[in-house]
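**Q** My questions all concern the structure below.
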Amino acid sequence: MSKYEALTGDQAVATAMRQINPDVVAAYPITPQTETVEFFAEYVANGEVTTEFICVESEHSAMSACVGASLAGARVMTATSSQGLALMWEIVYIAASYRCPIVMSLVNRALSGPINIHCDHSDVMGMRDSGWIILFSENCQEAYDNIIQAVRIAEHPDVLLPVVVCQDGFITSHAMERVEVYDDAEVQAFVGTYRPKWSILDVDNPKTYGALHFYDYYYESKRQQAEAMAHAQRPILEVTNEFNRQFNRHYGLFEAYRLDDADVAIVVANSTAGTTKVVVDSLRAQGLKVGLLKPRVFRPFPAKELANALCHLKAVGVMDRSIAFGSMNNAGPLFLELTAALAIHGVHIPIADYIFGLGGRDIKPGEIESVYRDLLRIAETGKVERLVTYLSVRE
Amino acid sequence: MSKEMIEIRWHGRGGQGVVTAGKLLAETAMGTGQYFQAFPDFGPERMGAPVRSFTRLSSKPIYIHSQIENPDVVLVLDPTLLGTVPVTEGLKEDGILIVNTSMSPEEVRRMTGFRTGKVFTVDASHIAIEEMGREITNTPMLGAFARATGLFDLDALEHQVREWFREKVSPSVVEANIRVLRRAAQEIQEG
């Protein structure tokens, strides 16, 4: 039997980790780390899990330990945030290229400088092309659910890629919400036992990792990595559907909220999608046909599916919580990629980008409503007058 | 109060249990089948410095993740914050202000300039010192909240306080918390 608990996003993730009981967790417990690791260390100390908890001297070492443990055949998890992820950078790429099915909880927080510990998506957007599968979570429940699914997705024999599960720093990571926590045994049955296909400890079948690949083979290994990502969507959906059936959820590649008959829609990830639902309801009550698309699987990017879901609209607004500096019009990464996806799939509708909430700046329903009003104007005129708008910034 | 969603802001000082109070209220809400969000002010918390905490309660799932700007209820756990921190900022005109103070509601209205809505006062510090020997005002203010808003009955709250503190403190401290909860609900004044 599942039960409802009052948990913060950090606690929800730690609870999922306790139920998963991974073989190894390596983490560096200092700011900008979150309480997840602190809670999990308690489970270890109390003997509630049998995990080997490796306290390391930096985030770089945390990911290094995760890679080593994963190659040895262990089920491995870690958690980080912002600068911590930035310090992992070098090994983040290595984890993906060695096809290590590591699961990482990432509480999205701004990158320095200036120094800031609050929410935005600049940390995860930095790793977007590193070869990890990326999942977004609107609230504490979704963070919990995604972590459980991430284990199965990462370890799926047709995937074997690391997975990062994102949620918004402070806004959900430190907010207590009602979370349906499933029975320990049910979660354990869902994630099952990890049987690694290869292990460096399997001395009868010796393997080499971390060898030199120059112009002779490096290219081929990268090509294979791309192939793995290209085929990850089907197994992701298999795991998601199985999870939905077992735990009565409705996850997919993304969530469409009142989108089918909408004229205009906002595309926004994580907690702001929740606030946007409130605005959609209020504008719908005024007779305005507005909708929302909330990405869940960001990597691999479901370009075709997104284009199909948005093609009937008269205008699309993307809300980006980070800036891709120096990119076209200094827009946000989600906008850039979605714009390309729509163009490639023959969907020619006006699209505009709205940067918001950097460094934890609060985003209010009124501001989201102003985006919808803007989109309704664009739908009427068919013209995008400003490609990128910075919401609520002093200029 | 009978709105679909109630937004609450707590004012106190670091170390007074402001965040715990918000979470306790959230857990009580869960115990009565309601939805909730409880979150701290997203800043560093230092012992003695003014801190805030926020709670949303609703009969329906809560999707909004913005900060609370126009609370329905404001609770002030530390009397020395009046005149120091703008405790009534953004408080709805028909909102409720609940202050831990030895002053009367009329004096609080004069001091804060909050002329509409409802003002409640209770000397939670005094009650806490008498019953617990320490000025911990979060539990008495929960009792005051229950009484002022009518959102929870005291028995539900008492049950939650017991659950929360049971494994954290000794049985005598649990009972002292129950006494301050009940006394605050009785001694509260409206004006």
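**Q** Taking the Cα centre of the protein assembly as shown as origin, work out the dipole magnitude from +1 charges on Lys and Arg Cβ and -1 charges on Asp and Glu Cβ, in debye rounded to 20.
**A** Rounded to the nearest 20 debye, it is 880 debye.
**Q** Let me ask something else about it. Using Cα springs under 10 Å in a Gaussian network model of chain B, which residue among B:HIS11, B:HIS159, B:HIS65 shows the largest mean-square fluctuation?
**A** Fluctuation is largest for B:HIS65.
**Q** Among the lysines, select those whose C-alpha is under 25 Å from the C-alpha of B:LYS92, and discard any that sit fewer than 8 residues away in the same chain.
**A** Output for B:LYS92: A:LYS277, A:LYS364, B:LYS3, B:LYS23, B:LYS60, B:LYS118.
**Q** Sticking with this one: I'd like the distance separating the alpha-carbon centroids of the range B:13-38 and the range A:19-73, in whole Å.
**A** If you average the Cα positions of each part, the centres end up 29 Å apart.
**Q** Which residue fluctuates most in the GNM of chain B (Cα springs below 10 Å): B:PHE165, B:PHE120, B:PHE36?
**A** For chain B, modelled as a Gaussian network with Cα springs under 10 Å, the answer is B:PHE165.
**Q** Under a GNM of chain A (C-alpha, springs under 10 Å), which listed residue has the highest mean-square fluctuation: A:GLY192, A:GLY84, A:GLY359?
**A** Greatest mean-square fluctuation among the candidates belongs to A:GLY192.
**Q** Ok, one more. Full-extension gain between A:LEU212 and A:ALA343, please, as 0.36 nm times their residue separation minus the C-alpha to C-alpha distance.
**A** Extra length from A:LEU212 to A:ALA343 when fully extended: 43.2 nm.
**Q** Using a cut-off of 15 Å between alpha-carbon atoms, which aspartates and glutamates can reach A:LYS289, once sequence neighbours fewer than 8 places away in the same chain are excluded?
**A** A:ASP260, A:ASP261, A:ASP263, A:ASP281, A:GLU369, A:ASP374, A:GLU380
**Q** Check B:VAL76: other-chain or 5+ apart residues with amide H under 5 Å from its amide H, H built from backbone geometry?
**A** Distant-sequence amide H within range of B:VAL76: B:HIS11, B:ILE98, B:VAL99, B:ASN100.
Computed from the coordinates by the stated procedures, all read-outs in this text should not be read as laboratory data. Please read these numbers as outputs of a predicted model, since none were measured by experiment. Here the Cβ is made from the backbone with ideal geometry for all residues, glycine too, and neighbour counts use every protein chain on show.
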